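Quick notes on the structure that follows.
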Amino acid sequence: MPNPRLAPPEPLFASPGAPPVEWVVSPGLTGYPEAVAEMMARAERIAAGRAPERVWLLEHPPLYTAGTSAKPEDLLDPRFPVHRTGRGGQFTYHGPGQRVAYVMLDLKRRRPDVRAYVAALEGWLIEALKAFDVVGETREDRVGVWVARPEKPRAADGSLAEDKIAAIGVRVRRWATFHGVALNVAPDLKHFSGIVPCGIASPHYGVTSLADLGRAASLPEADAALRAAFETMFGPTAELRAAA
């Protein structure tokens with residue numbers, strides 16, 4: 001049976017007349033507990049119709065997060081702080097050089113369909129990667145965005161090696177979304193070795209970044225690509241200077 005998540009994603013535009021999505025980029029490193037508190041408070045206000053939608057771009061200091069499906073044995077080396085979080089998924093790493101985007105939208109204003117929302121997030125990231133001549137792809141059995149690595153050893157069955165370049169972990173409450181995506185621009189990839197990223201231990205599935213692929217992109221350049229691609233999938237944005 002075809003997986004609807006793998007079909008070309010349809011845009012999730014807001015209802016006519018809705019205000020643009022606030023686009024916020026925070027400089028420096030933002031602590032995880034503080035970010036989660038602000039994100040959840042904003043999502044509550046969005047769900048209540050008391051705040052506009054927002055995308056918040058930031059970097060975290062090195063840390064691991066454990067989603068609702070995280071297995072204790074997948075934490076191999078807790079060299080960084082570990083934060084339990086309510087998003088879906090398993091263990092992942094956040095740190096400098098990785099662009100985290102917390103996406104706080106009201107699906108009631110768009111389409112109350114979580115699968116369509118996740119597909120739209122994947123489509124957004126794939127479109128953004130095109131700006132750097134990177135072909136991102138989705139897989140039926142693996143959430144996130146993957147890049148084929150034909151230069152790496154193949155699996156035992158002959159299938160190509162693939163590396164994840166962007167992770168997705170979301171939660172929806174009262175049709176307001178929070179958590180979001182993480183795009184590897186130029187993080188220290190060795191930091192991922194303290195976990196089994198997203199619970200995927202197969203040796204021919206790894207982690208990559210724009211820098212690892214030979215694309216010397218800065219965070220501002222990645223942000224510009226993310227914003228342009230977001231508007232094709234979710235509609236117009238309005239930039240704010242800093243998170244409130």
Along the dipole axis of the chain (charges at Cβ: +1 for Lys and Arg, -1 for Asp and Glu; origin at the Cα centre), the most positive-end residue among 145, 39, 55 is 39
To the nearest 20 Debye, how big is the dipole of the chain about its Cα centre, given +1 on the beta carbon of each Lys and Arg and -1 on that of each Asp and Glu? 700 debye
Rounded to 10°, Cα long-axis angle of helix 219-234 versus longest principal axis of the chain: 60 degrees
Longest principal axis of the chain (C-alpha) makes with the long axis of helix 114-130 (C-alpha) an angle, in degrees to the nearest 10, of 70 degrees
How many Å² of accessible area per residue for the range 137-244, probe 1.4 Å? 46 Å²
Putting +1 on Lys and Arg Cβ atoms and -1 on Asp and Glu Cβ atoms, find which of 187, 107, 20 reaches farthest to the positive end of the dipole of the chain. 107
Pairs 108/130; 71/164; 71/152: which exceed 26 Å Cα-Cα? 108/130; 71/152
For the range 1-136: accessible area per residue (Å², 1.4 Å): 43 Å²
Kindly express, to the nearest 10 degrees and within the range 0 to 90, the angle between helix 32-47's C-alpha long axis and the longest C-alpha principal axis of the chain. 40 degrees
Roll a 1.4 angstrom probe over the protein heavy atoms and tell me the percent of accessible area of the range 134-240 that is carbon or sulfur. 55 percent
Which residues qualify? For residue 240, with a placed amide H closer than 5 Å and at least 5 residues away or on another chain, they are 23, 24, 25
Between 127, 221, 34, find the one with the highest GNM mean-square fluctuation for the chain; connect C-alpha pairs within less than 10 Å. 34
So for each of 112-125, 39-52 I average, over its residues, the number of other beta carbons within 10 Å; can you give me the resulting order with the highest mean first? 112-125, 39-52
On a C-alpha basis, how far is the centre of the range 194-234 from the centre of the range 104-174 in Å? Whole number, if you could? 10 Å
Run the 1.4 Å probe and let me know the accessible area of residue 232, rounded to the nearest 10 Å². 80 Å²
To the nearest 0.05, the calculated FRET efficiency linking residue 141 and residue 111 through their beta-carbon distance, R0 being 25 Å, is 0.55
DSSP-loop trypsin sites (Lys or Arg not before Pro) across the range 166-244, with at most 13 other Cβ within 10 angstrom: 174, 241
If packing is taken as the average number of other Cβ atoms within 10 Å across a peptide's residues, how do 21-31, 67-77 rank, most packed first? 21-31, 67-77
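The values are calculated or read from the model by the stated rules, or taken from the named source; none is laboratory data. Please read all numbers here as calculations on a predicted model, not as lab measurements. Because the Cβ atoms are built from the backbone with ideal geometry, glycine has one as well, and the counts that use them run over all protein chains shown. Areas reflect the complete protein model, heavy atoms only, side chains present, ligands, DNA and RNA absent. Shrake-Rupley method; radii C 1.70, N 1.55, O 1.52, S 1.80 Å.
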